[in-house]
Amino acid sequence: MTRVLELAASRRGFLGLAAGGAALAASGGAVQAERVRTTARIAILGAGAGGTAIANRLANRLEGATITIVDGRQQHWYQPGFTLIAAGLKSARYSISQTADWLPQGVTWVPEYAAALDPERKRITTTGGQVVDYDYLIVATGLSLDWDAIEGFSLDQVGQNGVSAHYAGPEYAELSWRALDRFTDQGGVGLFGRPATEMKCAGAPLKITFLAEDIARRKGNRERVQIVYNAQNQALFGLPIVHHKVRQLFDERGIEKRYDHVLTAIDAQRRVATYATPEGDVQTDYDFINVIPPQRAPSVIREAGLSWGDRWLDQGWIEVDRETLRHLRYPEIFGVGDILGVPKGKTAASAKWHQPVVEDHLVAEIQGREGTARFNGYTSCPMITRIGRAMLVEFDYNDNLTPSFPGIIAPLEELWISWLMKEIALKPTYNAMLRGLA
Amino acid sequence: MKDLTFATLIAVWEEMFGAGVFWAMVLVAAAITALYVHVLIRDRKMSMRKFLLAQLSMPVGAVAAVWFVLAITSSSLADMGGPIDVLVLLGIAGVGAVGFAILVYVVQSLMRGPERE
């Protein structure tokens, strides 16, 4: 998600906001690269954040290309907003727009899902039987949420009996808020955690945990709620330095943590959750639970044989060069967004940084030269630690912190300005990304 | 994001305030600025008496601006977490103070007319 802008669209843009017109004077509009003539057929699989953005970029950059985007989803979801919806700060409408609103002229949208992909014949077949042949393919399907992997859970439980699941979509995030609102009114045990697979926005499970604690405190009910975070391994966050900071904040706020606990089942009627641990299954009673399921590549991608053969075998992320985002076995295939089999970066911020890299290599290929752009693993996570404050955590493949504003906005400090970015600056910069402008 | 474009900045502001409120504020600010220039040209000088009252009213504008930003962003003064937060807050207060002072000067000039020697 959202490991929104997190999507990070304009960090620098926001500083500009803070600094007023001075920033404007220092920066002009983006330089328009020269348009390239081609008759190439380019297919984009998926019209989410990554697919829509690259469609707009290529439509601007290429002249004469046949660009086809395949996605059956009518709604576009601003996923970085789900946490805000699930905390009662925004309504479901905040994250919903229409796919068609973001697609450029000159790009053909096939509003059906892909049923099959044949990379040898360079052909997509849709669920409606349409055939899309391509010279170049950009895989931007995002990932699948494997709800069935949580035994006893179904999405119709969300909002009742203390069940929340804000990853499922804007409406479910709103239902999740109702469950959280009741829990923080009435008290009890709240269980949080994350799956053991790679996931989008690894910060999101922590954010909703922090927010639940803060909301209970604001209601004067902190003493009545017990909040337990279940980490899937021995860390609260992949970056050691961030793990330690979060651990410290959890300790200060009285949030309990359990390591090596992976949710496998819930009994919604009895309100009992089952966790797999190295010592065997553990059952825990709860009054509220936030369910985030295992995440995998969509089956059409896995069945097409694009996945890695020696890693993430249960998840199926596509086999790309981690710097060029180009498929290692099918050079005419690129990937953007969550589907990539790279060590980090299932966030909108990363999807944004994938854009110029894929554009550069694809256009270079069309022109018969070598692309030069490289993706360094940049990921951004505005880690909300309470309503009104966040830590702007940015990092790369090497676990280096890569702050956009070194010395000005400290990455591990709980700041109001980082909250402002998350709450108000992220969505417009995300929208600019969709339009290919950022 | 590496680049900040004017369009993006406008989009951020529109998102922050809502497009209607944002453009209404732009129009109001532009109108007050135009009136300020108008009274300066009309009077051919700054009136120190009006300027004094304008200065005295600056804290009102500063507080109003800060209150406004906190109200639209689900946050409060207790959320200030570091030096940059305080600087941003002071910047907002400063803009509010100067804007309100100009408004007060303009209103006085329009209501009382040019100062007589």
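Here are the numbers for this structure:
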quantity: Cleavage-rule hits (GluC sites (Glu not before Pro)) in segment A:36-140: DSSP loop, at most 10 neighbouring Cβ within 10 angstrom; calculated: A:E120
quantity: Mean accessible surface per residue for the protein assembly as shown, computed with a 1.4 Å probe while every protein chain stays in place, in Å²; calculated: 41 Å²
quantity: Carbon and sulfur %, accessible surface of segment A:353-438 computed with the full protein complex present, 1.4 Å; calculated: 47 percent
quantity: Proximal aspartates and glutamates to A:K219, defined as alpha-carbon separation beneath 15 angstrom and excluding residues fewer than eight positions away on the same chain; calculated: A:D181, A:D185
quantity: Accessible surface of segment A:28-187, 1.4 Å probe, proportion on carbon and sulfur as whole %; calculated: 42 percent
quantity: Pairwise Cα inverse-distance average, inverted: Kirkwood Rh of segment A:135-264 (Å); calculated: 15.8 Å
quantity: Chain A, helix-only ellipticity at 222 nm - DSSP H runs n ≥ 4, -39,500 (n - 2.57), divided by all residues, nearest 500; calculated: -8000 deg cm²/dmol
quantity: Under the Debye formula (equal points on every Cα, no solvent term), log10 I(q)/I(0) of segment A:205-346 at q = 0.10, 0.15 Å⁻¹; calculated: -0.49, -0.91
quantity: Qualifying trypsin sites (Lys or Arg not before Pro) for segment A:332-425 [loop in DSSP, other Cβ within 10 Å: at most 11]; calculated: A:R369
quantity: Tail beyond 37 Å, pair distance distribution of the protein assembly as shown (Cα, percent); calculated: 36 percent
quantity: In sequence order, calculated HN-Hα J values of segment B:59-68 (Karplus, 6.51, -1.76, 1.60; Hz; x Gly/Pro); calculated: x, 4, x, 5, 5, 4, 5, 5, 4, 4
quantity: Size of the B/A contact, given as accessible area buried on both chains, probe 1.4 Å, in Å²; calculated: 2800 Å²
quantity: Paramagnetic reach from A:N233 in segment A:263-278 [backbone N under 19 Å; point 7 Å along Cα→Cβ]; calculated: A:263-264, A:276-278
quantity: Mean-position separation - Cα centroids, segment A:228-250 and segment A:335-393, in angstrom; calculated: 24 Å
quantity: Rg to Rh, two decimals, where segment A:40-113 supplies the alpha carbon set and Rh follows Kirkwood; calculated: 1.07
quantity: For q = 0.16 Å⁻¹, Debye-computed log10 I/I(0) when each Cα of segment A:33-156 counts as one equal scatterer; calculated: -0.86
quantity: FRET efficiency, 1/(1 + (r/R0)^6) with R0 51 Å, evaluated for A:D396 and A:A276 via beta carbons; calculated: 0.95
quantity: Between 0 and 90°, nearest 10: helix B:6-17 axis offset from chain B longest Cα axis; calculated: 90 degrees
quantity: Prolate/oblate/rounded label for segment A:380-438 (Cα gyration tensor, a/c 1.5); calculated: oblate
quantity: Sulfur and carbon atoms: percent of accessible area, chain B [1.4 Å]; calculated: 75 percent
quantity: Cα-only radius of gyration and Dmax that characterise segment A:301-438, units Å; calculated: 16.8, 51
quantity: Under 20 Å from A:K422, Cα to Cα: lysines that are on another chain or at least 8 residues apart; calculated: A:K90, A:K200, A:K207, A:K245, A:K346, A:K352, B:K2
quantity: Rg/Rg_ref, chain B, where Rg_ref = 2.2 N^0.38 Å and atoms are Cα; calculated: 1.27
quantity: Kirkwood Rh and Cα Rg combined as Rg/Rh, segment A:119-163; calculated: 1.25
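The values are calculated or read from the model by the stated rules, or taken from the named source; none is laboratory data. The structure presented is a predicted model; accordingly, all values stated were derived computationally and were not measured. Counting neighbours? That spans all protein chains shown, and the Cβs are built from the backbone with ideal geometry, glycine included. All accessible areas refer to the heavy atoms of the entire protein, side chains included, with ligands and DNA or RNA removed. Shrake-Rupley method; radii C 1.70, N 1.55, O 1.52, S 1.80 Å.
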